[in-house]
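A.B. asks: Sharing a structure, written as structure tokens. Questions coming.
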Amino acid sequence: MDSKENSRLVLDDNQIAMNLYGEKGSNLKKISSELNVKINARGNELTIFGKERDVIIANKVLRELYDLISDGYKFNQRDIDQAIDIIKSDPSARISDVFLKKVPVSGGKKILSPKTINQKKYLDAIQTNDILFGIGPAGTGKTYLAMAMAVSAFVNNEVKRIILTRPAVEAGEKLGFLPGDLAEKINPYLRPLYDALYDMLPFEKVANLMERQVIEIAPLAFMRGRTLNEAFIILDEAQNTTSEQMKMFLTRMGFNSKVIVTGDITQIDLPDKSSSGLIEATRILKDIDGISFVFFNQNDVIRHKLIKLIIDAYEKHEDKMPLTGRNKRKIEETDTK
């Protein structure tokens with residue numbers, strides 16, 4: 001059992017200290033609640049009471065948030081949640097290394113930054129590797145951040161094209177006959193890619209770039225037989241690729257191109273007898289230089305905080321199941337780390 005402990009923290013600048021505390025001490029109350037500690041503030045001096053580990057984490061979160069404010073960073077209560085998660089997962093981490101990393105998109109008019117350690121690792125790995133796999137649950141920013149890096153690379157003339165693709169696999173339900181031509185039939189499967197793209201570039205610009213085929217969104221089957229040079233290529237929902245499809249996709253890569261593969265191995269919609277090409281790739285490609293893997297977990301989820309609890313609950317449920325299906329996939333993932 002952790003022993004009771006207290007820690008004293010003295011802040012140099014009274015105004016920055018007040019900004020750290022929040023209106024009527026709202027930020028201190030949030031940190032106290034999240035970490036189960038008591039924080040007393042007297043002027044620019046804080047005293048933290050609680051279990052030793054919780055006190056250490058609270059002290060570091062407060063010190064690092066204070067430093068961020070000193071550097072001009074304006075944080076909100078959602079950032080406090082992320083800061084606590086970062087220090088909980090890695091007490092040696094620096095919050096500023098995560099929050100202050102910037103990705104300019106749309107000609108620098110929009111700035112994105114990571115919110116977790118793994119998101120920062122992901123962005124760093126995209127910059128330093130030609131092929132990167134981002135694997136983890138929904139809501140961790142795998143596709144969105146990859147899209148941001150693709151747009152950034154394009155506006156900075158690092159690539160000439162952006163190619164976005166995903167397998168057209170139904171998510172656990174049969175949709176039946178879909179009307180329209182081929183483009184209209186596959187459009188529902190590609191909608192999440194359009195959504196992320198429209199969030200980063202004006203609608204008219206996206207339409208113009210797609211008309212010129214500078215940006216291409218297509219089902220995975222359309223990749224066969226092509227060689228993609230000077231392109232930023234993203235394969236989304238890769239857990240629904242077969243072994244053959246994954247090999248076909250990865251061998252489309254041409255000169256001066258970058259490939260990002262994203263997927264969630266707990267949400268495979270392939271028929272039971274099919275093996276996921278994503279899972280197989282983690283085993284086959286793990287030792288190749290220039291290919292990197294970043295694994296996300298529930299601590300990286302940046303949607304509603306209930307999503308983290310849902311993911312955690314399902315993982316605990318699956319831990320009690322026989323070593324087949326998704327449990328077996330989880331073990332295979334761990335083996336690649």
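A.B. asks: Using a probe radius of 1.4 Å on heavy atoms only, what accessible surface per residue do you get for the stretch 58-161? Whole Å² is fine.
C.D. replies: In whole numbers, the stretch 58-161 has 40 Å² accessible per residue.
A.B. asks: Report the charge-dipole magnitude of the stretch 185-247 in Debye, nearest 20, computed about the Cα centre from +1 at each Lys and Arg Cβ and -1 at each Asp and Glu Cβ.
C.D. replies: 240
A.B. asks: Sum up the charges of everything whose Cβ sits under 12 Å from the Cβ of Thr251, counting Lys and Arg as +1 and Asp and Glu as -1, but leave Thr251 out.
C.D. replies: Its environment carries a net charge of +3.
A.B. asks: Rank these by accessible area, largest first, 1.4 Å probe: Lys30, Lys160.
C.D. replies: Lys160, Lys30
A.B. asks: What FRET efficiency comes out for the pair Ser89/Thr128, r = Cβ-Cβ distance, R0 = 22 Å, nearest 0.05?
C.D. replies: 0.50
A.B. asks: Starting at the first residue of the stretch 79-90, write each ³J(HN,Hα) from the Karplus equation 6.51 cos²θ - 1.76 cosθ + 1.60 with θ = phi - 60°, in whole Hz, x for Gly and Pro.
C.D. replies: So the Karplus estimates, Gly and Pro as x, are 5, 4, 4, 5, 4, 5, 4, 4, 5, 4, 6, 8 Hz.
A.B. asks: Here is the link list: Lys60/Lys102; Lys247/Lys316; Lys29/Lys60; Lys120/Lys205. Which ones come out longer than 25 Å on Cα distance?
C.D. replies: Pairs exceeding 25 Å: Lys247/Lys316; Lys120/Lys205.
A.B. asks: Using the alpha-carbon centroid of each, what span in Å lies between the stretch 10-26 and the stretch 232-302?
C.D. replies: The two parts, judged by their Cα centres, are 45 Å apart.
A.B. asks: Between Glu158 and Leu100, with labels modelled 7 Å along Cα→Cβ, what's the label distance in nm to one decimal, could you check?
C.D. replies: 2.1
A.B. asks: Ignoring everything but the protein chains, give the 1.4 Å probe accessible area of Lys38 in square angstrom, nearest 10.
C.D. replies: 120
A.B. asks: Over the stretch 1-120, what is the relative contact order in whole percent, taking alpha-carbon pairs under 8 Å and six or more residues apart?
C.D. replies: Here the relative contact order equals 22 percent.
A.B. asks: Now for a separate question. Keeping all protein chains in position, work out how much accessible area Ile56 exposes to a 1.4 Å probe, and write it in Å² to the nearest 10.
C.D. replies: For Ile56, solvent-accessible area is about 100 Å².
A.B. asks: Of all the accessible heavy-atom surface of the stretch 204-271, with the other protein chains kept in place and a 1.4 Å probe, what percent is carbon and sulfur?
C.D. replies: The C+S portion of the solvent-accessible surface of the stretch 204-271 is 48 percent.
The values are calculated or read from the model by the stated rules, or taken from the named source; none is laboratory data. Computed from a predicted structure; not experimentally measured. Virtual Cβ from ideal backbone geometry, glycine too; neighbours counted across all protein chains shown. When the accessible area is computed, the model is the full protein with side chains, heavy atoms only, and any ligands, DNA or RNA have been set aside. Shrake-Rupley method; radii C 1.70, N 1.55, O 1.52, S 1.80 Å.
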